[in-house]
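A.B. asks: Attaching a single structure in structure tokens format; questions to follow.
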Amino acid sequence: MAGDDAWPPSNVTKSTLEARVKGGLLRPLTDEGLPEWIAPLVSDREPNPPPGYVVCFLSFLDRGFGTSASRLIRVILHYYGVELHNLNPNSVMQAAVFATVCEGFLGVPPHWNLLLHLFKADMSARYEGGEKIPLRVGGCTLQLR
Amino acid sequence: MPTSNWGWQSGWFYLQNDSGLLLGYTGKKVTECPSKWA
């Protein structure tokens with residue numbers, strides 16, 4: 001990242017997102033007035049989502065973030081008091097793997113108490129001269145205990 | 001699935017927040033690790 005207070009410019013285009021639609025990772029556009037997703041404008045130096053939209057990342061889609069967002073991801077965000085952009089790809093993947101283990105192997109919906117037993121969250125940061133600098137994105141990491 | 005997370009922060013876009021089920025975007029930055037996270 002350019003600095004602790006700067007977002008990197010987005011490299012996402014409409015064609016990038018259409019490729020994710022083709023891959024089944026993103027819903028197709030069905031309503032021009034209320035599109036399911038929007039590629040940032042080149043002039044968007046940092047996210048400025050319209051009302052009713054959040055900031056998501058391509059890597060989240062690649063690592064199991066489903067749209068609509070699963071109940072598990074929503075509960076994780078509410079419990080830890082963070083927004084979607086505060087997670088990082090590894091955290092999204094941990095949640096997706098956990099849901100798969102619960103549903104596919106244990107035969108139960110993702111179990112919240114089991115998640116808390118197995119995982120903890122930590123603050124991700126970068127270090128500069130021994131000082132911990134918070135990250136603008138991806139500041140909350142879900143990891144196995 | 002990609003094998004590297006390198007540069008993932010540049011892959012941002014806007015996603016419709018279905019019925020407001022996700023916390024709305026405020027640009028929040030995580031500056032501390034509350035005790036309940038442990």
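The values are calculated or read from the model by the stated rules, or taken from the named source; none is laboratory data. Note that the structure is a prediction, hence the values are computed from the model and not measured. No Cβ is skipped: glycine too gets one built from the backbone with ideal geometry, and neighbour counts run over all protein chains shown.
A.B. asks: Out of curiosity, is A:G33 part of a loop (DSSP other than H, G, I, E, B) and either within 18 Å of the chain's Cα centre (by Cα) or within 24 Å of B:K36 (Cα to Cα) (or both)?
C.D. replies: Working: part of a loop (DSSP other than H, G, I, E, B): yes; either within 18 Å of the chain's Cα centre (by Cα) or within 24 Å of B:K36 (Cα to Cα) (or both): no.
Considered against the rule, which asks whether it is part of a loop (DSSP other than H, G, I, E, B) and either within 18 Å of the chain's Cα centre (by Cα) or within 24 Å of B:K36 (Cα to Cα) (or both), A:G33 comes out as no.
A.B. asks: So how many residues does segment B:1-14 have that are at the interface with another protein chain (Cβ under 7 Å from one of its Cβ atoms), modelled with pLDDT of 90 or more and more than 15 Å from A:E83 (Cα to Cα)? It would help to see each step written out before you state the result.
C.D. replies: Applying the first criterion (at the interface with another protein chain (Cβ under 7 Å from one of its Cβ atoms)) to segment B:1-14 yields B:1-2, B:5, B:8-14.
Within this subset, residues satisfying the condition of being modelled with pLDDT of 90 or more are B:8-14.
The next check asks that each one be more than 15 Å from A:E83 (Cα to Cα); those that pass are B:8, B:10-11.
Looking only at that region, the number is 3.
A.B. asks: Restricting attention to segment A:94-105, which residues are surrounded by 12 or more Cβ atoms within 10 Å (Cβ to Cβ) and out of contact with any strand residue (DSSP E or B) (no Cβ under 9 Å at 6 or more places or on another chain)? Let's see the steps before the verdict.
C.D. replies: Let us first name the residues in segment A:94-105 that are surrounded by 12 or more Cβ atoms within 10 Å (Cβ to Cβ), namely A:94-103.
Answer for segment A:94-105, where residues must be surrounded by 12 or more Cβ atoms within 10 Å (Cβ to Cβ) and out of contact with any strand residue (DSSP E or B) (no Cβ under 9 Å at 6 or more places or on another chain): A:A96, A:V97, A:A99, A:T100, A:V101, A:C102, A:E103.
A.B. asks: From (1) surrounded by fewer than 22 Cβ atoms within 10 Å (Cβ to Cβ); (2) within 22 Å of B:S4 (Cα to Cα); (3) in contact with a helix residue (DSSP H, G or I) (Cβ under 8 Å, 6 or more places away or on another chain), pick out the condition that doesn't hold for A:L58.
C.D. replies: With respect to (1) surrounded by fewer than 22 Cβ atoms within 10 Å (Cβ to Cβ); (2) within 22 Å of B:S4 (Cα to Cα); (3) in contact with a helix residue (DSSP H, G or I) (Cβ under 8 Å, 6 or more places away or on another chain), A:L58 is out only on (1).
A.B. asks: Filter segment B:15-31 for residues that are facing chain A (nearest Cβ under 7 Å) and modelled with pLDDT under 90 and give the result.
C.D. replies: B:D18, B:L21, B:L22, B:L23
A.B. asks: Considering segment A:108-131 alone, what residues qualify as being surrounded by fewer than 11 Cβ atoms within 10 Å (Cβ to Cβ) and assigned to a strand (DSSP E or B)? Break it down stepwise before answering.
C.D. replies: Filtering segment A:108-131 for residues surrounded by fewer than 11 Cβ atoms within 10 Å (Cβ to Cβ) gives A:108, A:113, A:117, A:127-131.
Result: A:Y127, A:E128, A:E131.
A.B. asks: Next question. If you check A:V75 against the conditions, is it free of Cβ contacts under 8 Å to residues at least 12 places away in the same chain, outside any loop (DSSP other than H, G, I, E, B) and more than 10 Å from every other protein chain (Cβ to nearest Cβ)? Let's see the steps before the verdict.
C.D. replies: Details: free of Cβ contacts under 8 Å to residues at least 12 places away in the same chain: no; outside any loop (DSSP other than H, G, I, E, B): yes; more than 10 Å from every other protein chain (Cβ to nearest Cβ): yes.
In short, no.
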